[in-house]
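Notes for the one structure printed next.
Just so it is clear, none of the values below were taken in a lab; they were calculated from the coordinates. All values derive from a computational prediction rather than experimental measurement. Using ideal geometry, Cβ is built from the backbone for each residue, glycine included, and neighbour counts are taken over all protein chains shown.
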């Protein structure tokens, strides 16, 4: 049984896999020292991997990882993909893991993985299994926060699930229209650019904001909310097999 931790900018996702089957997944509170024990609930994983985009791990996670010989996922960790990113030391581990997870599901295909979270990350994997990179832009919540932080009078709003209005007739609705319609047009436009340049790659959508885009994008996409965890599991399995 594999135990995986994916520590992002705003939350920590945990998962248990038995080979390729996801048995259990959830979100851990990084301030709760008993979070891992509660999540495992007596289960004893045989292998563990930690992926993190933050610089320092909470002490309870670091201690548990050391006690259980956890494999850290870094730019030096072997993966099933050829990593062609030029600055590998600055590549977010979640981006590469998303590419691996998508390649596992769609082998031999060119793939664009769009991970909609704190940031919106575009990751391109070639049909030859090469991770080439992609793009990063602000996520939805970050856009609302920036409009509030860098202006004198604009309030901080949040995305509204059922909002589709184009012309906002109040400041609130104008903010929602600009951010929500704008971010959809960005993602749609980026998909079209990849489609035109790379012979219609498979488009995979994941991340906490995937449900928002899934309802609004016109392009044909495949939504897989756990693609990063699936990628981490495949990377862990890959390294276990290499031993």
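Apply the a/c threshold of 1.5 to the C-alpha gyration tensor of segment 1-156 and tell me whether it is rounded, prolate or oblate. The shape class here is oblate.
Segment 146-187 and segment 40-78 have Cα centres spaced 38 Å apart.
Averaging Cα coordinates gives a centre for segment 209-243 and one for segment 79-113; these two points are 10 Å apart. The angle separating the long axis of helix 140-149 from the principal Cα axis of greatest extent in the chain is about 60 degrees. Between 0 and 90 degrees, the angle of helix 227-242 with respect to the longest Cα principal axis of the chain falls at about 20 degrees.
The mean sequence distance of close C-alpha pairs (under 8 Å, at least 6 residues apart), as a share of the length of the chain, puts its relative contact order at 19 percent.
Between residue 239 and residue 56, the distance separating the two model label sites (each 7 Å from Cα on the Cα→Cβ line) works out to 2.3 nm. Shape of segment 1-72 from the C-alpha gyration tensor: rounded (a/c under 1.5, with a ≥ b ≥ c the square roots of its eigenvalues). In plain terms, the residue of 52, 174 with the fewest other Cβ atoms within 10 Å comes first and the most crowded comes last, giving 174, 52. The order of 115, 41, going from fewest to most other C-beta atoms within 10 Å of their C-beta, is 41, 115. Taking other C-beta atoms within 10 Å as the exposure proxy, 84, 242 rank 242, 84 from fewest upward. Under the simplified labelling scheme, the residue 136-residue 87 pair shows an inter-label distance of 0.8 nm, with each label point 7 Å from Cα along Cα→Cβ.
Using equal-weight Cα scatterers in the Debye expression, the normalised intensity of segment 91-224 in log10 at q = 0.15 Å⁻¹ is -0.72.
From helices alone, the chain scores -10000 deg cm²/dmol at 222 nm; the rule is -39500 (n - 2.57) for each run of n ≥ 4 DSSP H residues, then divide by the residue total. The simple Förster model, with R0 at 30 Å and r as the Cβ-Cβ distance, assigns residue 105 and residue 29 a FRET efficiency of 0.50. Annotation: the antiparallel percentage among DSSP beta bridges lying fully within segment 1-72 is about 60. For the pair residue 11 and residue 37, label points projected 7 Å from Cα toward Cβ lie 2.5 nm apart.
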